[in-house]
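I have placed the structure first, in the form of structure tokens, so that the comments after it can refer back to it.
The values are calculated or read from the model by the stated rules, or taken from the named source; none is laboratory data. The model shown is predicted, which means the values in this text are computed figures rather than measured ones. Counting neighbours? That spans all protein chains shown, and the Cβs are built from the backbone with ideal geometry, glycine included.
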Amino acid sequence: MNLYAISAIYRFEMARTGRTLFQSIISPVISTSLYFVVFGAAIGSRISEVDGVSYGAFIVPGLIMLSLLTQSLSNASFGIYFPRFTGTIYEVLSAPVSYLEIVIAYVGAAATKSIIVGLIILATAGLFVPLEIQHPLWMLLFLVLTSVTFALFGFIIGIWAGNFEQLQLVPLLIVTPLAFLGGSFYSISMLPPAWQTVTLFNPVVYLISGFRWSFYGMADVGVGVSLAMTLLFLAICIAIVAWIFKTGYRLKS
């Protein structure tokens with residue numbers, strides 16, 4: 001394992017965060033705070049509690065997860081797309097660095113940035129509502145697994161995308177709607193029975209449900225099912241990335 005190569009790529013990607021601090025850190029925190037204020041004030045005045053938890057506190061895990069998904073995707077997709085766009089990816093591919101080391105570096109940096117944003121949002125939310133984390137280790141586990149999984153997904157999008165429009169296509173048209181419809185701001189038990197069944201086909205439901213369980217011990221689906229679905233999505237992403245490097249899809253052409 002070439003740790004020096006991994007460290008070099010990782011530090012380069014993390015340094016980019018410092019150069020784009022407002023876009024990488026401050027902007028998502030402000031956006032999430034606005035979501036919190038608007039939804040907490042508008043809907044919280046009508047729904048005081050959800051399963052014994054104040055509505056303001058209830059939406060905190062959903063807001064963190066929403067930001068985590070979007071940031072992991074955007075950080076990883078742009079991180080690998082930009083070297084492809086400028087042509088510097090060929091220098092990386094020709095260097096004595098394995099495909100595994102490239103993935104670890106790029107995905108690790110994207111996941112790290114997302115986790116930092118998630119923890120900052122968590123601290124910010126604590127200024128608005130009293131928070132309770134009943135299972136902190138599970139919370140960190142879901143935080144890390146989700147960040148790594150969607151960073152891998154973003155890595156795939158960054159390789160697939162042929163232009164900047166395609167780079168934003170999946171996050172804007174697929175991931176963000178699924179996050180909003182996955183129980184970020186409500187419990188799926190509040191939906192009619194037919195819609196509850198339909199919602200269970202949304203993979204984001206399991207991520208948000210497991211993450212919310214780590215806070216308040218309440219979930220729309222079992223925590224074991226949430227963990228299993230997260231690991232399944234992770235395995236699928238790893239398999240696709242392995243296929244990409246094995247075939248050289250959009251990397252060697």
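Taking first residues from the stretch 1-14 that are over 13 Å from THR112 (Cβ atoms) and partners that are of a type outside the set (Val, Ile, Thr), the Cβ contacts under 6 Å between residues at least 6 apart in sequence or on separate chains come to ASN2/GLU101; ALA5/GLU101.
Which count do you get for residues in the stretch 184-230 that are of a type in the set (Val, Ile, Thr) and over 17 Å from the mean Cα position of the chain (by Cα)? Explain how you work it out, then say what you get.
The initial filter retains those residues of the stretch 184-230 that are of a type in the set (Val, Ile, Thr), namely 188, 197-199, 204-205, 208, 221, 223, 225, 230.
Those still in the list that are over 17 Å from the mean Cα position of the chain (by Cα) too: 188, 197-199, 221, 223, 225.
So the answer is 7.
Regarding the stretch 34-55, can at least one residue be identified that is more than 20 Å from VAL205 (Cβ to Cβ), of a type in the set (Lys, Arg) and assigned to a helix (DSSP H, G or I)? Walk me through how you get there before you give the answer.
We begin by selecting, within the stretch 34-55, every residue more than 20 Å from VAL205 (Cβ to Cβ); these are 34, 36-38, 40-42, 44-46, 48-49, 52, 54.
Okay, now just the ones that are also of a type in the set (Lys, Arg), so 46.
When the remaining residues are screened for being assigned to a helix (DSSP H, G or I), the result is none.
Scanning the stretch 34-55, I find no residue that is more than 20 Å from VAL205 (Cβ to Cβ), of a type in the set (Lys, Arg) and assigned to a helix (DSSP H, G or I), so the answer is no.
Among the residues of the stretch 200-253, just one is touching a Pro at 6+ places or on another chain (Cβ under 6 Å) and of a type in the set (D, E, K, R), namely ARG212. Scoring GLU101 on the criteria (1) closer than 17 Å to SER214 by Cβ; (2) assigned to a helix (DSSP H, G or I); (3) not β-branched (Val, Ile, Thr) leaves a single failure, condition (1). Only one of the listed residues (TYR99, TYR90, TYR106) is surrounded by fewer than 19 Cβ atoms within 10 Å (Cβ to Cβ) and in contact with a Phe, Trp or Tyr (Cβ under 8 Å, 6 or more places away or on another chain). That residue is TYR99.
Sort out for me the helices (runs of 4 or more DSSP H) sitting completely within the stretch 135-253 that have 3 or more residues that are among the aromatic types (Phe, Trp, Tyr). Lay out the reasoning, then the answer.
Values: elements: 136-160, 164-170, 176-180, 193-199, 203-216, 223-247.
In the stretch 135-253, 136-160, 203-216, 223-247 are the helices (runs of 4 or more DSSP H) which contain 3 or more residues that are among the aromatic types (Phe, Trp, Tyr).
What are the pairs, 6+ residues apart or on separate chains, where a residue within the stretch 61-83 that is in contact (Cβ under 8 Å) with a residue 40 or more places away in the chain has its Cβ under 8 Å from a residue that is aromatic (Phe, Trp, Tyr) and outside any helix (DSSP H, G or I)? Hits for this filter: GLY62/PHE185. Candidates are the residues of the stretch 117-141 that are of a type in the set (Val, Ile, Thr) and at pLDDT below 90; the one that is nearest to SER31 (Cα to Cα) is ILE121. Filtering the stretch 5-28 to residues that are exposed (fewer than 10 other Cβ atoms within 10 Å of the Cβ) and either small (Gly, Ala, Ser) or modelled with pLDDT of 80 or more (or both) leaves only GLY18.
Out of curiosity, is SER147 among the hydroxyl-bearing types (Ser, Thr, Tyr), modelled with pLDDT of 85 or more and either under 24 Å from GLY52 (Cα atoms) or touching a His at 6+ places or on another chain (Cβ under 8 Å) (or both)? No.
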